[in-house]
1. Here is a list: Val172, Val213. Which entry is modelled with pLDDT of 95 or more, crowded, with 17+ Cβ neighbours inside 10 Å and more than 18 Å from the chain's Cα centre (by Cα)?
2. So Arg200 clears everything in (1) at pLDDT 95 or above; (2) outside any helix (DSSP H, G or I); (3) of a type outside the set (Asp, Glu) except one condition, right? Which one?
3. When the residues of segment 63-91 are narrowed to those that are more than 22 Å from Ala26 (Cβ to Cβ) and of a type in the set (Gly, Ala, Ser), which ends up nearest to the chain's Cα centre (by Cα)?
4. What are the residue pairs meeting all of these: first residue in segment 94-112, first residue without any contact (Cβ under 8 Å) to a residue 12 or more places away in the chain, second residue β-branched (Val, Ile, Thr) and in a strand (DSSP E or B), Cβ atoms under 7 Å, and 6 or more apart or on different chains?
5. Any residue in segment 58-76 that's at positive phi: show its pairings with residues that are of a type outside the set (Ser, Thr, Tyr) at Cβ separation under 7 Å, as long as the two are six or more apart or on different chains.
6. Scan segment 135-152 and tell me whether some residue there is buried (at least 24 other Cβ atoms within 10 Å of the Cβ) and on the phi > 0 side of the Ramachandran plot.
7. For Asp138, state whether it is without any contact (Cβ under 8 Å) to a residue 12 or more places away in the chain and under 23 Å from Gly169 (Cβ atoms).
Amino acid sequence: MSQNPPACRLYLITPPVIDDPEAFAAVLADALQGGDVGALQVRLKDVCDAHIGAVVAAVLPVAQSHDVAVILNDRPDLAAQFRCDGVHVGQSDASTVEARRIVGKDAIVGVTCHDSRHLAMEAAEAGADYVAFGAFFDTDTKDAPTRAEPELLTIWQESMQTPCVAIGGVTVERAEALARAGADFIAVSSGVWRRPGGPRAAIAAFNAELQKVER
């Protein structure tokens with residue numbers, strides 16, 4: 001981890017499919033040598049709870065050795081059971097209050113707020129530790145029902161203290177602009193795992209762009 005993290009940090013999301021948890025943990029360990037990462041979200045759809053647990057067990061020691069918080073997507077119950085650092089919930093998942101009740105007062109709770117400042121304000125008032133806006137660009141990682149504009153980040157940064165995450169189709173080439181607009185974190189999946197040169201080089205490239213932005 002960088003000794004001087006950038007004002008806007010990288011929020012890494014796992015690939016959508018992880019067949020071999022231990023093999024992925026090795027890839028992650030190498031990738032994290034590339035530079036600062038604030039959080040790793042374990043996002044796996046249509047798999048059994050036991051497989052999610054195996055992935056979390058494999059990545060937790062790797063992430064935590066680099067001071068990277070492990071956030072589980074969708075499932076506050078499993079986040080608590082598997083001792084993750086927090087949970088991320090969507091608008092159709094558990095409410096912010098319910099997620100907090102399940103994971104506890106010391107865990108991280110993040111909330112998807114699409115392109116809505118109103119939803120974000122409700123989440124912040126309910127105790128969310130961060131809100132996520134997006135998608136800012138086309139993405140093949142998930143179906144994005146909304147399209148957010150960078151001005152949303154600026155307005156949020158100027159009016160609210162709760163950190164915000166920019167997500168959706170973010171590449172190295174797009175990261176600096178979103179950071180300058182006001183994102184506290186840039187959420188990236190395929191922009192790291194599929195970037196030519198490999199994940200370690202991708203994280204280094206993202207950090208080089210984010211280090212250009214000061215607050």
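The values are calculated or read from the model by the stated rules, or taken from the named source; none is laboratory data. On a predicted model such as this, the values are computed, not experimentally measured, just so you know. As a convention, Cβ positions derive from the backbone with ideal geometry for all residues, glycine included, and neighbour counts pool all protein chains shown.
1. Among Val172, Val213, only Val213 is modelled with pLDDT of 95 or more, crowded, with 17+ Cβ neighbours inside 10 Å and more than 18 Å from the chain's Cα centre (by Cα).
2. Failed condition: (2).
3. The qualifying residue nearest to the chain's Cα centre (by Cα) is Gly86.
4. Cβ pairs passing all conditions: none.
5. Asp67/Met1; Asp74/Val89; Asp74/Gly90; Asp74/Asp93
6. No; the residues of segment 135-152 include none that is buried (at least 24 other Cβ atoms within 10 Å of the Cβ) and on the phi > 0 side of the Ramachandran plot.
7. no
Matching residues to (1) closer than 22 Å to Val27 by Cα; (2) touching a residue at least 24 places away in the same chain (Cβ under 8 Å):
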| position | (1), (2) |
| --- | --- |
| Thr146 | no, yes |
| Ile155 | no, yes |
| Ser159 | no, no |
| Glu176 | no, yes |
| Ala181 | no, yes |
| Ser189 | yes, yes |
| Arg194 | yes, no |
| Ala202 | yes, yes |
| Ala205 | yes, yes |
